1. For LYS57, what accessible surface area do you get with a 1.4 Å probe? Give it in Å², rounded to 10.
2. Tell me the per residue accessible area of region 172-269 using a 1.4 Å probe; a whole number in Å² is fine.
3. With every protein chain left in place, what is the accessible area of CYS28 in Å² (1.4 Å probe, nearest 10)?
4. Can you give me the three principal axis dimensions of region 21-162 from its C-alpha atoms, in Å, biggest first?
5. If the cut-off is 24 Å between C-alpha atoms, which lysines fall inside it for LYS84, apart from same-chain ones fewer than 8 positions away?
6. In square angstrom, rounded to the nearest 10, how much accessible surface does VAL138 have for a 1.4 Å probe?
7. Which percent, to the nearest 5, of DSSP beta bridges fully inside the chain are antiparallel?
8. Starting from the Cα gyration tensor of region 158-239, take the square roots of the eigenvalues, sort them a ≥ b ≥ c, and report rounded, prolate or oblate (rounded when a/c is under 1.5, otherwise prolate if a/b is larger than b/c, else oblate).
Amino acid sequence: MIDYPRRGGPTVLRILLGAQLRRLREECGISTEQAGYEIRGSHSKISRMELGRVGFKSRDVADLLTLYGVTDPAERAPMLELAKEANTPGWWHRYGDVLPNWFEAYLGLEEAASLLRSYELQFVPGLLQTEDYARAVVRLGFPDASDEELERRVRVRTTRQERFTAPNAPTLWAVVDEAVVRRPLGGRGVMRRQLEHLMEMSELPNVTLQIVPFGAGGHAAAGGPFTILRFAEPGLSDVVYLEQLTSALYLDKPTDVDTYMRAMNNLCITAARPDDTGGLLRGVLHDL
């Protein structure tokens, strides 16, 4: 009844299960108020469940399936199993002491994405950072962190990167402002190694890196960095991720996604061609 990915941990599984429950409810013509009453909750709880923003209790899922007319044990079993798996912590759960809840949601989406398109104007994208560069970035954001906390935060970043050099790796298409590769974060030695790493990563078949040169002037994404995540599973819509200092926005409305997709496409046109990335990085290395 349900074909769902094993990657992505609870975040993606909750979204998929919520979408299935919403489809069943709408097919039966049942309101969120009626469904909420059935599980001793409110209509807002049903909305949060259907959006995958809360965990699922097996009893609630079982009661909703009964309400929606799904009584065949063979049909109920996959959804009840999915509810159970949706509450299983992802690999990042063990780093919960250094990760805010709003970022854990992103990690689940990133883990399941088949394509990530990102734009950065200050730092090298996290998925392309070396350990030393990542350490310098984390130290900027958390100047009072202990050495142990610092290393745990860096470890989260390097663990995220492992998927992109593994078999069946997702596609990463990153566009960065020229300032990103010219700002010597962490010192000249750290930055030189980071630039060399970018050259190596850009040669992978699943990684595309483009640089927006200073000479390009203004562009459509001047408002700030963002990431667009796309999933192979038909039950998941594209998501735009916007990170802030103490929170994040997750946009999945088609109109919002289309706006950011147009901005990303314009960035790719404005930026230097991917074939020119190696030469540009070698030039920056020469200037260091």
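1. 130
2. Result: 50 Å² per residue.
3. 60
4. Computed over region 21-162, the largest-to-smallest principal extents equal 56, 30, 27 Å.
5. Leaving aside lysines fewer than 8 places away in the same chain, those within reach of LYS84 are LYS45, LYS57.
6. 10
7. Percent antiparallel among DSSP bridges in the chain is about 50.
8. On the way: a/c = 2.29, a/b = 1.27, b/c = 1.81.
Note, shape of region 158-239 comes out oblate.
The values are calculated or read from the model by the stated rules, or taken from the named source; none is laboratory data. Bear in mind the structure is a predicted one, so any value in this text is a computation, not a measurement. Side chains are part of the model used for accessible areas, which takes the heavy atoms of the whole protein and leaves out ligands, DNA and RNA. Shrake-Rupley method; radii C 1.70, N 1.55, O 1.52, S 1.80 Å.
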